[in-house]
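To start, the structure itself, in structure tokens.
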Amino acid sequence: MSDSEALMQADRVTKILLIDDDSIFRLGLRTALAESTNLEIVEAETGIIALDILAEADNSIALVVLELNIGRHNHDQLTGLILCQQLKTNYAIPILLLTAESEPALLTAAHKCGVEGYCPKGVEITLLIEV
């Protein structure tokens, strides 16, 4: 790899779509990840907003970070599991669950939908970045 290719890769920004209906959590994660200059966080508070963002993103989103409990208390919204299914059906994009959900049946169902990774909320930020 030439010096100019290495410089271009170092300057490349990785876009992450964070889908979580907790605005305080989104702010905290965005702030914690701001230390990593090659990460750009795009936020969505609902599954519908996330699907709109992805439809307009021209494949620029590299990863979806999803709270599996999204939409559970608002029946007008997509639940996390249904959103996982739609994301995997419509987009070739990896999904990382960063969730408070710990119910084995739901986590297994998400895995069967094609979710690539799982971290519980509260995981150390260094471990999350590594994942």
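The condition (being among the aliphatic types (A, V, I, L, M), within 12 Å of the chain's Cα centre (by Cα), at pLDDT 90 or above and within 18 Å of Thr79 (Cβ to Cβ)) is satisfied by just one residue among Leu29, Leu54: Leu54. Return a yes/no flag: does region 36-51 have any residue that is modelled with pLDDT under 90 and over 26 Å from Thr126 (Cβ atoms). Checking region 36-51: not a single residue is modelled with pLDDT under 90 and over 26 Å from Thr126 (Cβ atoms).
Per the listing Val42, Val123, the residue uniquely β-branched (Val, Ile, Thr), open to solvent by less than 50 Å² (accessible area, probe 1.4 Å) and out of contact with any helix residue (DSSP H, G or I) (no Cβ under 8 Å at 6 or more places or on another chain) is Val123. Report yes if some residue within region 78-92 is polar (S, T, N, Q), farther than 21 Å from Tyr118 by Cα and modelled with pLDDT under 90; otherwise report no. Looking for residues that are polar (S, T, N, Q), farther than 21 Å from Tyr118 by Cα and modelled with pLDDT under 90, one finds none in region 78-92, hence no. The residue that is most open to solvent (accessible area, probe 1.4 Å), counting only those in region 101-120 that are of a type in the set (A, V, I, L, M, F, W, C) and touching a strand residue (DSSP E or B) at 6+ places or on another chain (Cβ under 7 Å), is Leu107. All conditions but one from (1) under 22 Å from Val13 (Cβ atoms); (2) among the basic types (Lys, Arg); (3) buried (at least 17 other Cβ atoms within 10 Å of the Cβ) apply to Arg30; the one that does not is (3). Yes or no: region 46-53 includes at least one residue that is open to solvent by less than 60 Å² (accessible area, probe 1.4 Å) and not in a helix (DSSP H, G or I). For region 46-53, residues open to solvent by less than 60 Å² (accessible area, probe 1.4 Å) and not in a helix (DSSP H, G or I): present.
The values are calculated or read from the model by the stated rules, or taken from the named source; none is laboratory data. What you are looking at is a predicted structure, and each value in this text was computed from that prediction instead of being measured. We place every Cβ from the backbone using ideal geometry, glycine too, and count neighbours over all the protein chains shown. With ligands, DNA and RNA removed, areas are computed over all heavy atoms of the protein, side chains included. Shrake-Rupley method; radii C 1.70, N 1.55, O 1.52, S 1.80 Å.
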